[in-house]
1. Which condition number in (1) in contact with a strand residue (DSSP E or B) (Cβ under 8 Å, 6 or more places away or on another chain); (2) within 22 Å of A:T258 (Cβ to Cβ); (3) not in a loop (DSSP other than H, G, I, E, B) is the one that A:A45 fails?
2. Which condition breaks for A:V220 when tested against (1) in contact with a helix residue (DSSP H, G or I) (Cβ under 7 Å, 6 or more places away or on another chain); (2) in a helix (DSSP H, G or I); (3) more than 14 Å from chain B (Cβ to nearest Cβ); (4) not polar (S, T, N, Q)?
3. Just a yes or no: is a residue in the range A:201-209 closer than 22 Å to B:L243 by Cβ, under 16 Å from the mean Cα position of the chain (by Cα) and of a type in the set (D, E)?
4. Return yes when A:R221 is under 24 Å from A:G17 (Cβ atoms) and surrounded by fewer than 23 Cβ atoms within 10 Å (Cβ to Cβ) and no when it is not.
5. Quick one: B:S112 ticks every box in (1) closer than 30 Å to B:P280 by Cα; (2) assigned to a helix (DSSP H, G or I); (3) not aromatic (F, W, Y) except a single one, so which number is it?
6. If the Cβ limit is 9 Å and pairs must be 6+ apart or interchain, which residue in the range A:142-155 that is within 8 Å of chain B (Cβ to nearest Cβ) and more than 17 Å from A:V197 (Cβ to Cβ) pairs with which residue that is aliphatic (A, V, I, L, M) and not in a loop (DSSP other than H, G, I, E, B)?
7. Within 9 Å of another protein chain (Cβ to nearest Cβ) and surrounded by 22 or more Cβ atoms within 10 Å (Cβ to Cβ) - does that describe any residue in the range A:156-179?
8. Can you tell me which residues in the range B:81-92 are touching a helix residue (DSSP H, G or I) at 6+ places or on another chain (Cβ under 7 Å) and either assigned to a helix (DSSP H, G or I) or touching a residue at least 40 places away in the same chain (Cβ under 8 Å) (or both)?
Protein chains: 2
Amino acid sequence: MSRSDGLPASIDIREVGPRDGLQPEAPISVEDRLRLIAALVDAGARSVEVTAFVSPKAVPAMAGAAEVVRGLGAPGDVTWWALVPNVRGAELAVDAGIRHLTVTVSASPTYSQRNVGMSTEESMAQAAVIAGMAPAADIVISCAFGSPYEGEISVDEVAGLAARCRDAGATVTLADTTGMATPRRVSAVVAATGPDVGLHLHDTRGTALVNAYAAMELGVRRFDTAVGGLGGSPFAAGAGGNLATEDLVHLCDDLDVTTGIDLTRLLEASTLTASLIGRPVPSRLATAGPRGRLAGG
Amino acid sequence: MSRSDGLPASIDIREVGPRDGLQPEAPISVEDRLRLIAALVDAGARSVEVTAFVSPKAVPAMAGAAEVVRGLGAPGDVTWWALVPNVRGAELAVDAGIRHLTVTVSASPTYSQRNVGMSTEESMAQAAVIAGMAPAADIVISCAFGSPYEGEISVDEVAGLAARCRDAGATVTLADTTGMATPRRVSAVVAATGPDVGLHLHDTRGTALVNAYAAMELGVRRFDTAVGGLGGSPFAAGAGGNLATEDLVHLCDDLDVTTGIDLTRLLEASTLTASLIGRPVPSRLATAGPRGRLAGG
């Protein structure tokens, strides 16, 4: 449902902090990862990417993925997502109890080869298989707004991949893996794919929030964000942190776009995140506090 | 002139890095400040706030203001601005050769009392006098989008101040002194003042760029920015850096909104800025480089 100002009445945020956010960090315990997930759910998160079923040698921070899933308890009204890189990872995730899989296909041939050792075509074929292995799957098209290797990525290429994701029964998320999106590029890609896509934005160049705003103006209403603005692929040249959940919630609160997330409790989860990683999070809002927080108040 | 997408064909950027950017920093030499100004002009800046004629005891980084102005040489096609806090400062600025004065009036009564020891009314009366002391003056309305003391500031109050600035023969710039602006607030204030205002945005909460984008969609085409995203009032609780010049130029380049500034040379000026202050600048773009900079390229 959209409003007279063109913005959606509400958006759905998938919190990816426990996966994409923590992925490049030094490993923290399963118990602490579960504490963070609980804090995010307490703040109102209803869709959380909790871990990735990847090789602990490649990504030490994601070790213990199955223990994380076992520790979640009943999902209730929360959707638990797990990222899987291949069929073996999908099997492990499903065996652990995950019903919502995310899998990545790169629109950049070079990124695909470097990241997963497959062509985009091979990767897409694998993603279609994985999409059939669980009740729900979301295929994340990485480098959808540009690649650090090839530069511009054809809008038709992205739209073609999006169509194949849908043919495979999956939803589609467009990832700005290395922060190359701009409002112009978001507009061009969304015009080609239609607005029923998720956006997974990174703030490498300080443009994540303006891109989210431009996307909402186009009717996009699904976003991946990470508490604190943590994140960045350990494999992608120049990858910066994710769009911070608190930055998007703060913007949406002010625009009267419903997110279901309570900013005050989310900022508590952000503070917990900073304590777990042992340094301040990148989000400037997390440091400054919401605009309603007055001096001496 | 606006386009079919509502964005202006071009915007005018006033570079305030040598004043607002350096103001809270440890003092650097007049010679180095002139090097920075020259680098910004080389990059295409045609409007630069070069210094403030304030007490060197209160703001050590602005000591030597008259020497800075004397070192500028002939203005050519560049407009040199200086901030003045009072009539005495305006006299010193004009004596030094400045023809374009900026003077601040706060829409926040408490901020006004704390910052300059005057009521908003007293400050406005003084600004009107100063506006008559030079060929051109720009009155900057601080806390125009909210105050860290009172919270919301009435849109009518801001519009009333803007009208009085214009009555005094000055142009008007609306400052988001402590980063409380949002697209909604920008829309409300600009609806009341009209789009012929400058915006002086701070990135305290990571919202400076989205606010600039929303303002351009409303037809605003004058912006104050600081190279590197330096800045923040030493007197304002919670003030963060200015909107980074490179962040706005990068966005405008991609949107085909003309700024007259060359991003590559501007990033060189940003690198110079970092070397002068002895640490990286806040702009994420300055760290990551423009989206066109490819891996290994």
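1. The single condition A:A45 does not satisfy is (3).
2. That leaves (2) as the condition not met.
3. yes
4. Yes: the conditions hold for A:R221.
5. (1)
6. none
7. Yes: one or more hits.
8. B:A82, B:L83, B:V84, B:N86, B:V87, B:A90, B:L92
The values are calculated or read from the model by the stated rules, or taken from the named source; none is laboratory data. Just so you know, these numbers come straight off a predicted model, no measurement behind them. Glycine also receives a Cβ, built like all others from the backbone with ideal geometry; neighbour counts cover every protein chain displayed.
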